[in-house]
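Here the structure is laid out as structure tokens; the discussion comes afterwards.
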Amino acid sequence: MTATIIDEWLAEQRRLTPIERFASKHDAGDVPAQARYYRELIPANLPEPGQQYRFEIDLDSCTGCKSCVVACNSLNGLDEDESWRSVGLLHGTQPGVRYQQTVTTGCHHCVDPACLEGCPVDAYEKDPITGVVIHLDDQCIGCSYCTLTCPYEVPTYNRQRGIVRKCDMCHGRLSEGEAPACVQACPNGAIRIGIVDRVVLEAAAATGGSLVPGAPASSLTIPSTEYRTARGRIDDVLAADRFAVRPAHAHDPLTVMLVLTQLSVGAFVVDLLVPGTSRWGAAVAMLTGLLALGASVLHLGRPQYAWRAVIGLRHSWLSREVVAFGAFAATAVPYAVLGWRLLGYLVAVFGLAGVACSVQLYATTRRRWWRTSATAIRFGLSMAVSGVALELWTTGERDLAAWLITLMSVKLLWELTVLRHRRRDDDLGKTAQLLTGELRPMLVARLVAGIIGGVVVPLILLTGVPVALLGVLAVVAGELLERRLFFTAVAAPRMPGLG
């Protein structure tokens, strides 16, 4: 059968590569169909050295329709309960002037991203050319520490996948001249991609301002997003959810890990300081420490990759905590078996280093409730009261009862000092409001357990009645409740819509 010209054309078409087929469609004006709507909303060139991409938001054009949210969810294939962009509301506050503006928020692709610095497995990278902060899903272990270190809480945990994920400015689309999903979807052109000099961002952040009223200080991470309005400065507005107060995530595995590691370290320190201690006490302390480290793994979304947590040792306090407590466990086991006093001092040093790393791990998040001084006092007193309670049980040294009463009394009174802020309009005020409001039953239970274990039981012990084990259990229960409040009562400045 003789081939016709049609057969030859069909054969030639089948030989075209995908790139050639795409080029032919492009030349014919078939794709991209929406280019005429967004071409002016994305840069024509790559950033120069010292520059980076950023989101530029026109507050006057944003209507709060959430098309950007829907498009982001759809084009990035996000799960049903997952979102990388949110929309909040600002209210005008000047007398005689009543207006509102909506604020769309995604990742701010900071010059100094805290998520990257805090990640223990190096699951973040900042593109050296575009400045886009990209999350590496395959590297993530799901510890969610980046969510705590990011002042804007941008990375969101995906329970189904066991990792966190976040906006990457659709960098793959941008590299092909295609607008990010949110830019392309906005019907009013309220979102665009611009190019900015990093020195300009650094200078602006140094003034002490924030992206919008109520947001975290820009000096923390130097965010690149710009919010524009014809009104000029927008200092005369407040976030609609400014006064919203709700408990934060509890992080129960971390609650158990922190309390038990501090109990274990405290017991080993007391074991070295108090004469006449028993090997039984060291064994219990060692087992408690191992249980704590096992509980910490339950916090991970992908526990099978827990070994990666040491990768970020150079910059992440979480990695340093893992290494310190790993060394603590490795020396605590032979010390509990052999009882060599010199080895015991090494155990104490590693344990105290681990607790110090725990303090810095939360202080680095820059939440006032978790600031260095307050967290150091909290963790230090927890280590002291729980360690003394355990040694009081295992050794029967009645002299320790007076120490336990004193330490627990000091700790409980100190914990209550935050309540003096309850009338203040700031993050510590919100913490105090939570403790006297929704979290009040937990606070009362914590105080009752602390008084029973740290005051009542030691007083009974001084009479000779053997109830030391009850005291240990009550002290630990109280510390677990206190540590749960440590997580759930924390508050911090947030972008509108995230409060």
Residue check, Asp122 in the same structural domain as Pro47 (by TED's automatic domain parsing), in contact with a helix residue (DSSP H, G or I) (Cβ under 7 Å, 6 or more places away or on another chain), in a loop (DSSP other than H, G, I, E, B) and in contact (Cβ under 8 Å) with a residue 60 or more places away in the chain: yes
Filter the range 318-368 down to the residues that are out of contact with any Asp or Glu (no Cβ under 7 Å at 6 or more places or on another chain), hydrophobic (A, V, I, L, M, F, W, C) and closer than 30 Å to Pro493 by Cβ and list them by number. Leu318, Val322, Val355, Ala356, Val359, Ala363
Checklist (1) exposed (fewer than 15 other Cβ atoms within 10 Å of the Cβ); (2) closer than 16 Å to Ala477 by Cα applied to Phe379, failing item: (1)
Give the residues of the range 211-234 that are in a strand (DSSP E or B) and surrounded by 19 or more Cβ atoms within 10 Å (Cβ to Cβ), sorted by residue number. Tyr227
Quick check: is even one residue across the range 486-493 more than 30 Å from Pro151 (Cβ to Cβ), at pLDDT 95 or above and of a type in the set (Val, Ile, Thr)? no
How do the helices (runs of 4 or more DSSP H) wholly within the range 392-497 filter down when requiring 1 or more residues that are aromatic (Phe, Trp, Tyr) and touching a residue at least 24 places away in the same chain (Cβ under 8 Å): which remain? 399-416, 468-488
Taking Cys107, is it in contact (Cβ under 8 Å) with a residue 12 or more places away in the chain, in a helix (DSSP H, G or I) and touching a strand residue (DSSP E or B) at 6+ places or on another chain (Cβ under 7 Å)? no
Residues located in the range 113-155, provided they are under 17 Å from Tyr362 (Cβ atoms), aromatic (Phe, Trp, Tyr) and touching a strand residue (DSSP E or B) at 6+ places or on another chain (Cβ under 8 Å): none
Of Val103, Val97, which residue is surrounded by 22 or more Cβ atoms within 10 Å (Cβ to Cβ) and either in contact with a Pro (Cβ under 6 Å, 6 or more places away or on another chain) or at pLDDT below 95 (or both)? Val103
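Would it be correct to say that Val183 is within 14 Å of Thr104 (Cβ to Cβ), β-branched (Val, Ile, Thr) and over 13 Å from the mean Cα position of the chain (by Cα)?
In short, yes.
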Members of the range 293-329 found to be more than 18 Å from the chain's Cα centre (by Cα) and surrounded by 23 or more Cβ atoms within 10 Å (Cβ to Cβ), listed by number: Phe325, Phe328
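Filter the range 346-355 for residues that are hydrophobic (A, V, I, L, M, F, W, C) and in contact (Cβ under 8 Å) with a residue 24 or more places away in the chain and give the result.
Hits for the range 346-355 are Val347, Ala348, Phe350, Leu352, Ala353, Val355.
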Assuming Thr463 fulfils every condition listed in (1) among the polar types (S, T, N, Q); (2) modelled with pLDDT of 95 or more; (3) more than 27 Å from the chain's Cα centre (by Cα) apart from one, which condition is it? (2)
Arg446 being modelled with pLDDT under 95 and not hydroxyl-bearing (Ser, Thr, Tyr): no
Any idea which of Ala353, Ala327, Ala336 is assigned to a helix (DSSP H, G or I), at pLDDT below 95 and in contact with a helix residue (DSSP H, G or I) (Cβ under 6 Å, 6 or more places away or on another chain)? Ala336
In the range 239-283, how many are in a helix (DSSP H, G or I) and under 17 Å from Arg341 (Cα atoms)? 15
Unique residue being crowded, with 19+ Cβ neighbours inside 10 Å, farther than 30 Å from Gly478 by Cβ and β-branched (Val, Ile, Thr) when the list is Val237, Val269: Val237
Against the conditions (1) crowded, with 16+ Cβ neighbours inside 10 Å; (2) closer than 27 Å to Asp427 by Cβ, where does Asp252 fall short? Just the number, please. (1)
Do you know which residues across the range 295-329 are under 12 Å from Val355 (Cα atoms) and in contact (Cβ under 8 Å) with a residue 60 or more places away in the chain? Trp317, Leu318, Val322, Phe325, Phe328
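For residues that are touching a residue at least 40 places away in the same chain (Cβ under 8 Å) and crowded, with 24+ Cβ neighbours inside 10 Å, tally how many sit in the range 133-159.
Residues that pass the stated criteria total 11.
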With respect to Gly177, is the statement that it is in contact with a Pro (Cβ under 9 Å, 6 or more places away or on another chain), in the same structural domain as Leu75 (by TED's automatic domain parsing) and exposed (fewer than 15 other Cβ atoms within 10 Å of the Cβ) true? yes
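The values are calculated or read from the model by the stated rules, or taken from the named source; none is laboratory data. Just so we're clear, the structure is a prediction, and the values are computed from it rather than from any experiment. Heads up, the Cβs are rebuilt from the backbone with ideal geometry, glycines too, and the neighbour counts pull from every protein chain shown.
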